[in-house]
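The values are calculated or read from the model by the stated rules, or taken from the named source; none is laboratory data. Since we're looking at a predicted model, the values are computed, not measured. Glycine gets a Cβ as well: all are built from the backbone with ideal geometry, and neighbour counts include every protein chain shown. To get the accessible areas, we keep the full protein, side chains included, count just its heavy atoms, and leave off ligands, DNA and RNA. Shrake-Rupley method; radii C 1.70, N 1.55, O 1.52, S 1.80 Å.
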Protein chains: 4
Amino acid sequence: MIVVMKVGSPEPEISRISAEFQSWGLNPEKIVGKHKVVFGLVGETVDLDPLQIQEISPWIENVLRVEQPFKRASLEYRHGEYSEVIVSTPNGNIPIGKNHPVSIVAGPCSVENEEMIVETARRVKAAGAQFLRGGAYKPRTSPYAFQGHGESALGLLAAAKEATGLGIITEVMDAADLDKIVEVADVIQVGARNMQNFSLLKKVGAKDKPVLIKRGMSATIDEWLMAAEYILAAGNPNVILCERGIRTFDGKYTRNTLDLSVLPVLRALTHLPIMIDPSHGTGKSDYVPSMAMASLAAGADSLMIEVHPNPAKALSDGPQSLTPERFDRLTQELAVIGKTIGRWPQPQMVLA
Amino acid sequence: MIVVMKVGSPEPEISRISAEFQSWGLNPEKIVGKHKVVFGLVGETVDLDPLQIQEISPWIENVLRVEQPFKRASLEYRHGEYSEVIVSTPNGNIPIGKNHPVSIVAGPCSVENEEMIVETARRVKAAGAQFLRGGAYKPRTSPYAFQGHGESALGLLAAAKEATGLGIITEVMDAADLDKIVEVADVIQVGARNMQNFSLLKKVGAKDKPVLIKRGMSATIDEWLMAAEYILAAGNPNVILCERGIRTFDGKYTRNTLDLSVLPVLRALTHLPIMIDPSHGTGKSDYVPSMAMASLAAGADSLMIEVHPNPAKALSDGPQSLTPERFDRLTQELAVIGKTIGRWPQPQMVLA
Amino acid sequence: MIVVMKVGSPEPEISRISAEFQSWGLNPEKIVGKHKVVFGLVGETVDLDPLQIQEISPWIENVLRVEQPFKRASLEYRHGEYSEVIVSTPNGNIPIGKNHPVSIVAGPCSVENEEMIVETARRVKAAGAQFLRGGAYKPRTSPYAFQGHGESALGLLAAAKEATGLGIITEVMDAADLDKIVEVADVIQVGARNMQNFSLLKKVGAKDKPVLIKRGMSATIDEWLMAAEYILAAGNPNVILCERGIRTFDGKYTRNTLDLSVLPVLRALTHLPIMIDPSHGTGKSDYVPSMAMASLAAGADSLMIEVHPNPAKALSDGPQSLTPERFDRLTQELAVIGKTIGRWPQPQMVLA
Amino acid sequence: MIVVMKVGSPEPEISRISAEFQSWGLNPEKIVGKHKVVFGLVGETVDLDPLQIQEISPWIENVLRVEQPFKRASLEYRHGEYSEVIVSTPNGNIPIGKNHPVSIVAGPCSVENEEMIVETARRVKAAGAQFLRGGAYKPRTSPYAFQGHGESALGLLAAAKEATGLGIITEVMDAADLDKIVEVADVIQVGARNMQNFSLLKKVGAKDKPVLIKRGMSATIDEWLMAAEYILAAGNPNVILCERGIRTFDGKYTRNTLDLSVLPVLRALTHLPIMIDPSHGTGKSDYVPSMAMASLAAGADSLMIEVHPNPAKALSDGPQSLTPERFDRLTQELAVIGKTIGRWPQPQMVLA
């Protein structure tokens, strides 16, 4: 932690501040610059809050953090070794991580009825997906919009799982539903709007199911990793990060701006696996294939893609869903690049 | 709702779409432009989802909403009459709204101990505040930072209320705490990070206490009003909107960018009362007074200002808190403008 | 300048870097933290580029600037004394600055014809304005939109000046027009889109007319001050900063987001006078009055407000222009607050 | 163009507006909705300004554009056929466009000396680049930073061209330098900060050299295409669009956010070729390779990559430059994917 003093800070105040830091068990090394005095705080500073330090004195101009604010999520925490999240599914254990083939998550935005979800599951499995996504509880901007079929949809997801053996990924919006969700889901999803719902993060952190945490619409990389840190700190080491587009100044053509640079950035900061969701990331099915290709080439560990048997009749998010036919073609295109870069699953893997 | 067809849309598809709209009970008026065909949908369109409509055909280029997506929050819903939220406090009923004097909410970010909160309450009451704010449950970016004293802090807020008669405003982060909070709070606060925690919105909407809903960090005006709509639709008509700064590209000097233009914008859209929080809005106590003055001059119905008896020792958000002395001076400065524009409370009101 | 080394940086590399800094004439003070080594660079660092330093070694994690990047624009440069820009007009010298009454700039977006501009000048002068704004050269998003009447409009501005004695503010878009503009304008305006047109900045910096520099649509405070620094460094000390709204994620109701917090932020950083333009800042005339009031209460030194005798027929930016009648009323409302806070011009000042 | 009237608009006003549109030669089709009246304007509306229309009456709530604001840049303008920009170089004509192999532009941020630029040109040519980039005139945030070697650097670029036959791409900042630049450059670059320097756009549009126009830091897709439209409208049909990262809320790890979704979005809107610059797009050389791979997989027509023989000594933008060795490796990695998707140049092409 670096503490920058204002120009003209009085000497007694500088001494007082130095003593204050010492009383906290820190070693404040003072640097006298041409115009300003700066302290480098040596000691256990990771839990200190820069805002808190700033308030020690009105003469403090700025406090700059040198350490990252996250611990368990950091790559250093695992000494540079990338973690893998192994998801147990009826079709076997599927590992997600940098040293594994890319895994594909596909399915509709929301679960509508048994035929639809089972049919979609069969189609995406045939195309090569390892996981079925589908919302039982849906976060909707309007209270008058379809809110998901809730508990009954969980039963339908169970049926699709039984029919295909695919792993199930579904979103939790309310901690009160968590126990029911955990019975069916193989991965619990925390949505973008709840990325900083800290009460919920603590509660999913107390479960022993892997957690997929989507990046908030305007979450910085640090905030996103701190959200993951909440889950890790609660005892759950199986966290997957999922980029789904951020909010920027231009929403005319895409609903969000897919930030693919998180791939190299996160690789340098964290050991956690990284998934990309080009469907929410762009909001329009026409744009999904090229962004899926880009995600794969840039090094994603997993892709989440919306597929709907009849997008025109989807109860939510239709415009960003691919048809099963378009999804078939996309997985074939992805396979070409995936094999080239050595990240495509071998046929037997899925059956393992 | 306006549906814009792509250039070159085939005639049979245009007829099919028209028939589809009719089957929904809508009257699609077709306009044949120079290059494009456009439908104006007449009928009950307010609950329709533009994304849903877009999926009827790949030939639909765009769907433009003509109606606002919010109903109960709209100014039209009350035929142009602004609502007032009347908060019952030991010192009497305090009305918040466009046709009432500005009310002042002040207090620390988080409740630290009894002496501190009671002392702060006394100071801000003496300076003219009608409400005491103070967090029992704190949303913190880091799981390792102070999370608020929780239930015991609610007891301290009750003590401060008893000592001063001030109304209490405190934040709910977890629906499980709602019953305990409602026992003490006169206004329930939903924080920026939970603005789209729809489960929580429904639950506070089911209570009979006024709700203060802070704007999310990157929430559009429409999304914010739709969050209010969740509460209104759940049966609670007493909603106050609070602007607290949005996230923009420049965070070097201010933590957020206080968007004061919401004042004239919301006045034209909604009947709900509007509060401004310049403390979170700027994140630095030096900037609070001028932004408080601006808020008042621009027409705010209420101001929320952080005050801490000893900002240097605040357990959270210290740098944005005013000292009681600075707050005294600020209320005097505000009073000068407030009286000029006819929005300052008469002395007897506070004592009522 | 603070240089943060990566965890595990090898000792010889740290020594090499230290020697490199010394060879630059700097004194690198080394702090050995718990995990990281940090250098504080003492010496003449203000012109160093953090990016340049970072490239000395791949083991450098980050370079943090402690000094501000601007010099002549800084408040320290004038030892805490705020500057005033004195504009010579036929009606006398008008000072703009923190220690002077608020000055009002008003007029249409673009100069349309002699009758219109002279009439507008008379109306805004009668209402209390000291300056007439009006575009001869207009930056337009579309090449097919009206681009301003150019040189002939400069003649019309001269006529309005002669008729009223008001100071003239008009925008330069092309350095080739600068000489002609300088003959008429009392203040040269550099528009938001040219804020980082560094060639133009150098050229206006070489003139001896005051320069108004509008904040770029997504310019940080530092970038804006560095643009001013270009003009100051070229020898022109008379620079006025003008906030006109920034680009954020929500453009549905306002064209830009007026960032009024620049008022307290700039006051702490720079001695330069600050103008606010609520007309471009919001893009809608309905929102201008409350934002003008807010600007004044927050401490603006000058206000720029669009006024058009017939907004419905304005050739550009009509929707944000006030009618002369609405502008009359606004100046009366502003006067009430302006007198209260001691920033309103005395009647004789305008006539001086 | 769709004109939405406010709720409760008086019938005579609606008639008056309708007549006004007719007097403009438009056919206003009126739709009477449940709450609002809407006009669909049929006729020549592409040059109309929505803001202008809005001012016809205070009863107009909103004006929605149905046509795109750009004409010559639109895909429809060429009836769905993508254009190619053919650049004449000593090594032959290099076509850039959707139906051609990907072309690679590489080189340093700024031209430093003859040895450096010729050596870099040789290295990037050997690795497979067709174009050399290098700045003679540099836009720098600070007036005190290195501003480029100017005219003398143009001579060095000519020497590098002579030595290698590579096409030259260099930036114009001031129209006064245009003639000198055109003597050496095969493609004229307009930088992000000048994307809306409309005077400059008109002047490069009057030249007969291809123009590369970088997206402004916060330019919408529409604004970017309108900037291209300025050049096209001035008579120059050879325009290449270059994405170089946009400004968002998180600049901690990357300098900008590379918006790769422009690839599918622009493909649907415009016939113009698309280049991606992952070097400026991320600002850090570590992130460049994965973003270059992503760009190629997503369908870029050209890549611009900074390469510097000794990034640690680069006079500008060092941290984002690759070493020639890293660039060699990157082109090999790109070739693997490029061949797979059929976009990699055949060896003889470069020599053609």
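The number of residues in region B:280-337 that are of a type outside the set (D, E, K, R), in a loop (DSSP other than H, G, I, E, B) and modelled with pLDDT of 95 or more comes to 2. The residues of region B:96-111 that are open to solvent by 20 Å² or more (accessible area, probe 1.4 Å) and out of contact with any Gly (no Cβ under 9 Å at 6 or more places or on another chain), listed by number, are B:Asn99, B:His100. A count restricted to region B:145-173 and to residues that are on the phi < 0 side of the Ramachandran plot and in a loop (DSSP other than H, G, I, E, B) stands at 6.
Within region A:272-290, which residues are under 17 Å from the mean Cα position of the chain (by Cα) and either among the small types (Gly, Ala, Ser) or open to solvent by less than 10 Å² (accessible area, probe 1.4 Å) (or both)?
Restricting attention to region A:272-290, the residues satisfying the condition of being under 17 Å from the mean Cα position of the chain (by Cα) are A:272-282.
Once the filter is applied, which keeps residues that are under 17 Å from the mean Cα position of the chain (by Cα) and either among the small types (Gly, Ala, Ser) or open to solvent by less than 10 Å² (accessible area, probe 1.4 Å) (or both), region A:272-290 yields A:Leu272, A:Pro273, A:Ile274, A:Met275, A:Ile276, A:Asp277, A:Pro278, A:Ser279, A:Gly281, A:Thr282.
Could you check how many residues of region D:235-270 are open to solvent by 10 Å² or more (accessible area, probe 1.4 Å), of a type outside the set (Lys, Arg) and away from chain A (no Cβ under 11 Å)? Final tally of qualifying residues: 3. Look at (1) outside the structural domain of D:Leu232 (by TED's automatic domain parsing); (2) open to solvent by 70 Å² or more (accessible area, probe 1.4 Å) and you find that D:Asn93 fails only one, number (1).
Take the conditions (1) crowded, with 19+ Cβ neighbours inside 10 Å; (2) touching a His at 6+ places or on another chain (Cβ under 6 Å); B:Val7 misses just one of them, which is (1). Give region D:27-71 a look and list any residue that's touching a residue at least 24 places away in the same chain (Cβ under 8 Å), within 36 Å of the chain's Cα centre (by Cα) and either away from chain C (no Cβ under 14 Å) or in a strand (DSSP E or B) (or both), or say none. Within region D:27-71, D:Phe39, D:Gly40, D:Leu41, D:Ile60, D:Glu61, D:Asn62, D:Val63, D:Leu64, D:Val66 qualify.
Take the conditions (1) touching a residue at least 24 places away in the same chain (Cβ under 8 Å); (2) part of a loop (DSSP other than H, G, I, E, B); (3) over 30 Å from A:His308 (Cβ atoms); (4) of a type in the set (S, T, N, Q); B:Ser142 misses just one of them, which is (1).
Restricting attention to region B:209-247, the residues that are basic (Lys, Arg) and without any contact (Cβ under 8 Å) to a residue 40 or more places away in the chain add up to 2.
Restricting attention to region C:165-182, the residues that are more than 11 Å from chain D (Cβ to nearest Cβ) and either open to solvent by less than 10 Å² (accessible area, probe 1.4 Å) or within 13 Å of C:Pro210 (Cα to Cα) (or both) add up to 10.
Taking the criterion of being of a type outside the set (Val, Ile, Thr) and either in contact with a Ser or Thr (Cβ under 8 Å, 6 or more places away or on another chain) or not in a loop (DSSP other than H, G, I, E, B) (or both), the residues of region C:266-279 that qualify are C:Leu266, C:Arg267, C:Ala268, C:Leu269, C:His271, C:Leu272, C:Pro273, C:Met275, C:Pro278, C:Ser279.
Filtered by the rule that a residue be more than 22 Å from C:Pro69 (Cα to Cα) and either facing another protein chain (nearest Cβ under 8 Å) or open to solvent by less than 20 Å² (accessible area, probe 1.4 Å) (or both), region C:13-26 gives C:Ile14, C:Ile17. The residue that is nearest to B:Thr164 (Cα to Cα), among those in region B:184-234 that are open to solvent by less than 10 Å² (accessible area, probe 1.4 Å), among the hydrophobic types (A, V, I, L, M, F, W, C) and in a loop (DSSP other than H, G, I, E, B), is B:Ala185.
Pairs are defined by a Cβ separation below 8 Å, a sequence spacing of at least 6 or placement on different chains, a first member in region C:102-122 that is under 20 Å from C:Ile188 (Cβ atoms), and a second member that is of a type in the set (Lys, Arg) and not in a helix (DSSP H, G or I); the pairs so defined are C:Val105/C:Arg133; C:Ala106/C:Arg133; C:Gly107/C:Arg133; C:Pro108/C:Arg133; C:Cys109/C:Lys138; C:Ser110/C:Lys138. Within region D:131-150, the set of residues being among the charged types (D, E, K, R) and modelled with pLDDT of 95 or more comprises just one member, D:Arg133.
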